[in-house]
1. Expressed as a fraction of 2.2 N^0.38 Å, the rule-of-thumb size for a compact globular protein of N residues, what is the C-alpha radius of gyration of segment 568-721?
2. Highest mean first, what order results for 725-737, 294-306, 684-696, 4-16 on Cβ atoms within 10 Å?
3. With +1 on each Lys and Arg Cβ and -1 on each Asp and Glu Cβ, how big is the dipole of segment 5-107 about its Cα centre, in debye rounded to the nearest 20?
4. Where the convex hull is taken over the Cα atoms of segment 138-270, what is its projected area averaged over directions, in nm²?
5. Output ³J(HN,Hα) for segment 578-592: one whole-Hz value per residue in order, computed from phi by the Karplus curve 6.51 cos²θ - 1.76 cosθ + 1.60 with θ = phi - 60°, and x for Gly and Pro.
6. What ranking, highest mean first, results for peptides 449-455, 372-378 when packing means the other Cβ atoms within 10 Å averaged over each residue?
7. Lys/Arg Cβ at +1, Asp/Glu Cβ at -1, dipole of the chain taken about the Cα centre: which of F640, M26, T341 is farthest positive-ward?
8. Can you report the principal axis dimensions of segment 643-748 using only the alpha carbons, biggest first, rounded to whole angstrom?
Amino acid sequence: MPILYHESTGIFHLTNAYVSYLMRIMENGQLEHLYYGKRIRDREDFSHLHEEALRSHMVLSTPEPSSLALHYTGQEYPVYGTGDYKSPAVSILQENGSRISVFTYESFRVLAGKPSLQGLPAVYAESPEEASTLEISLFDTVSGTRLVLSYTLFENAPVITRHTRITQEGERPVRIERAMSTCVEFHDSSFEMLQLSGAWGRERYIHERALEMGIQAVQGLCGTCSGAEQNPFLALKRPGATERTGDVYGFSLVYSSSFLAQTEVSTHDMTRVMMGIHPDTFSWKLEQGQTFTTPEAVMVFSDQGLGGMSRTFHRLYRRRLARGFWRDRERPILLNNWEGTYFNFNEEKLLAMARKAKEAGIELFVLDDGWFGARNDDYRGLGDWQCNLDKIPSGIDGLSRKIEEIGLHFGLWVELEMVNMDSDLYRAHPDWILQTPGRVPSPSRHQYVLDYSRQEVVDHIYDMVAEILEKSRITYIKWDMNRYMSEGYSAHLGPERQGELMHRYILGVYSLYERLTSAFPEILFESCASGGARFDPGILYYAPQAWCSDDTDAWERCKIQYGTSLVYPLSMIGSHVSAVPNHQVFRMTPLETRGAVAMFGSFGYELDLDRLREEEFEIVKSQVKRMKTLRRLIQTDSDFYRLCSPFEKNEAGWICVSSDRTKAAACLCQKLNKVNASWLRFHLDGLREDLFYRISCMAGGKEWSYKAFGDELMYAGIPVDRECLTEAGGDFAAVIFVLEAQSTEADALKAGGKRVE
Ligand code: DGJ
């Protein structure tokens, strides 16, 4: 039983083979946080981990008889105003204007498995044995508000998930002004903070900084999505922790709207980490009997560095966040027409593109933006989800059938949350956009945000899109979303509920996703937001893959995908080969490299194959063929190890190793070629030391192979032939190594004492 309660000491111990998480009911009934980290043995009493010392008289203690100095105490879910002077986890405004609450312990229960979160995405357990859930109920008697802190510990993984439910039991309504999903206190501050930061075209770069006294935070205030600037994730690394070694704590929020992920180091070097809905743009009114549920936070502990943390997140998000038909399936290799045509296409052109794609071995043709309403540019048409018959006379249903006849599946782009003013939808329902009375709504890409907090809006969009899906042969939807929220105000919500808008908006998006994925369970949904501005576990619960970035340059993608892999598995990373000069950075990179980098993701093409030279088209054919042999390994059945960081070196490298460690695929990509260069050894990871592998490699049109034991490949490394990199294109060259186990050392010895060469 991984959740233990020691009644004599009031101690909760969540523990499995990897982690321990300790809390104590203090003398005044509040909850104290005692420890989170590597597993420690259980015992009845850990209360000595609570320490009191005579400190400043300025900082008060709780009323007698408990006399606890909360400011110096690790608290489980702190409030402000009763002796703690740091940022609180929860703040409840009461009718009389008071924000003081004292939540004291009432009861707890332990459940087998993991209950779902009403209307919210969350990781799940498939059986009651996989996880245990602890719910601790706390109550504030003055306001009549109940807090239920929920913790799920997975049986076989260093994973704890948390969320909070707040119920108003008292007669007077209250307003929640802040309700974090998790709050953890460490008793020291010896950490480095790691975050995934960026912008459009360079999403999720790895950024590290020393943890300093005071507040450090990453936040998204975009409303419609988590944003391209900061990902709802942060990690705390012990100094010296590396990719492979050392303790790392990862915090990830299963949420797609405005968020805060914050650390606060006190002047006594305690570190409070909290993560949840951003309080600046949030409030929620609770009437008697109503409950508010926060999004879920996922906490991963690793004593094997960042790599260990990532592999835990990958397994969890691939198998217990993603759901449904596509969860464990290899993803279709697609051709998307966007960068090949932009808005400039007609049915004939699309069919020609599809025929060429079929010839290359591609499996799915995706029609991107521009197929509906008067959408010949991005000034008009959004919201009018009827096919533009001038461009596509057969309609979407006819076109989808023709594509099927060619032998491909058909996929379609939509942007369901937005509207152009020049659209029939806006003309019919001008009040459906978010806008503040008396103020001019700001456009972004000439479009406006539909009010998804209104059920009728969501219903209307559902009806329009469901009709297309029912009539046509669609197996894939790219759900795009191309702007942040501004002048956020809903004509539908009363003045006292405007603080609920952003959260209600994203609940509306989640509910539409839920309806569509339930009604059309075999459609593969790919999320997109001006590239990768909505790459978060919240959306990945509904759409098992997301477009990672509009920047498809191979070297830029090395960085973006490397950063994204900190948290998200490769199956979730939308990655395409595009044309050169690249449309974002105007750089030339070898086609082989663009293919190699894109293969470590959900893989596809986004160009006009007809514009390739014959020899280039042959390369595409061989890439598609190769990906078909590798994708099971890359997308469904492997552990991922980062080998060299493009943020630190001239090379980027990584490897996917099958769960039985008999197969692997690695990629090494260099930025600039070097003259008279030093030796380059590529050290692999994750292999079985005693397995004898055949390594084959293709670069610059040459194929070569040799055999070696796993230990040699990991510790001595592969000597990389610089000439081979030069032949593979020089600057921005990439090499893929494919490994297959031949035998074990024991087999080799049996075969006459010699290694099997
Ligand atoms: C932004 C996306 O990131 C692109 O891939 C493309 O779908 C465009 N929108 C279409 O408008």
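1. In units of the 2.2 N^0.38 Å rule of thumb, it is 1.07.
2. 294-306, 725-737, 684-696, 4-16
3. Computed charge dipole of segment 5-107: roughly 440 debye.
4. Average projection, Cα convex hull of segment 138-270: 10.8 nm².
5. Calculated HN-Hα couplings, in order: 10, 7, 10, x, 4, 6, 9, 10, 6, 9, 9, 9, x, 4, 4 Hz.
6. Answer by packing, highest mean first, reads 449-455, 372-378.
7. Comparing the listed Cα positions along the dipole, F640 ranks first.
8. So the three principal-axis extents are 43, 28, 21 Å.
Every read-out reported here was derived from the displayed coordinates using simple, explicitly stated rules and does not represent laboratory data. Small disclaimer: the values here were computed from a predicted structure and weren't measured. Virtual Cβ from ideal backbone geometry, glycine too; neighbours counted across all protein chains shown.
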